[in-house]
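Bear in mind that the values in this text are calculations on the coordinates, not laboratory data. Everything numeric here is computed off the predicted structure, so don't read it as measured data. Cβ atoms come from the backbone with ideal geometry, glycine included; neighbour counts cover every protein chain shown.
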Amino acid sequence: MDFSVFEKMVIDATLCKSASEKPDTLELLRSQYASADVLKREFTGVGFFTNFVVNDKSLVLSGKENFELGYLGEINDVQYGVGFVLFVREGFISMLEGYTYGESWPCEIEFFNVAP
């Protein structure tokens, strides 16, 4: 499966806005993303999980690190905003999570904004 347009926007924003990470780490994560495919999607009613696999195993981060990159955003008229977390496991990007704070996840994304 391919990434949806929305997933691409979220991952691109995550890999550009993560000021806490070193530029070389973000560059490697962007390379991983370019070689990744979606394995499955799960919608929970208040968010989603998109699991993927990196096809080029030579792109592993040294030390096979585990960490998360995240930020807040706005979607449609979700009152309390939304959050996103990109999970890195064993040195590879592995999952994207999107969530609300108890509200229903919109069926269609009409408006999306990333909080600074």
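Could you compute Rg(Cα) / (2.2 N^0.38 Å) for segment 77-116, with N its residue count?
Details: Rg = 12.4 Å, N = 40, 2.2 N^0.38 = 8.9 Å.
Relative to the rule-of-thumb radius for its length, segment 77-116 sits at 1.39.
So, with +1 on the Cβ of K and R and -1 on the Cβ of D and E, and no other charges, what is the size of the charge dipole of the chain about its Cα centre, to the nearest 20 debye?
Working: 9 positive and 18 negative charges, 71 e Å.
Here the size comes out at about 340 debye.
Residue by residue through segment 77-90, what is 3J(HN,Hα) from phi via Karplus (6.51 cos²θ - 1.76 cosθ + 1.60, θ = phi - 60°)? Round to whole Hz and write x for glycine and proline.
10, 5, 4, 9, x, 9, x, 9, 9, 9, 8, 10, 10, 6
What is the Cα convex hull volume of segment 1-82 when expressed per residue in Å³? Working shown, then result.
On the way: hull volume 9.3 nm³, N = 82.
It comes to 113 Å³ per residue, whole-number rounded.
With a 10 Å radius around each residue's Cβ, average the other Cβ atoms per peptide and rank 4-16, 88-100, 30-42, highest first. Mind showing how you got there, number by number?
On the way: 4-16: 16.4, 88-100: 18.8, 30-42: 14.6.
In decreasing order of mean packing, 4-16, 88-100, 30-42 become 88-100, 4-16, 30-42.
What residue among 87, 43, 52 shows peak mean-square fluctuation when the chain is described by a Gaussian network model with Cα springs under 10 Å?
43
Tell me, what is the FRET efficiency for residue 113 and residue 40 to the nearest 0.05, using R0 = 22 angstrom and their Cβ-Cβ distance as r? Write out the running numbers ahead of the final one.
Working: r = 27 Å, r/R0 = 1.24.
Efficiency, rounded to the nearest 0.05: 0.20.
Show me, for segment 27-35, the HN-Hα J-couplings you get by feeding each phi into the Karplus relation (A = 6.51, B = -1.76, C = 1.60, θ = phi - 60°), rounded to Hz, glycine and proline as x.
4, 5, 5, 5, 5, 4, 4, 5, 9
Towards the positive end of the charge dipole of segment 17-116, with charges on Cβ (+1 Lys, Arg; -1 Asp, Glu), say which of 46, 94, 113 has the farthest Cα.
94
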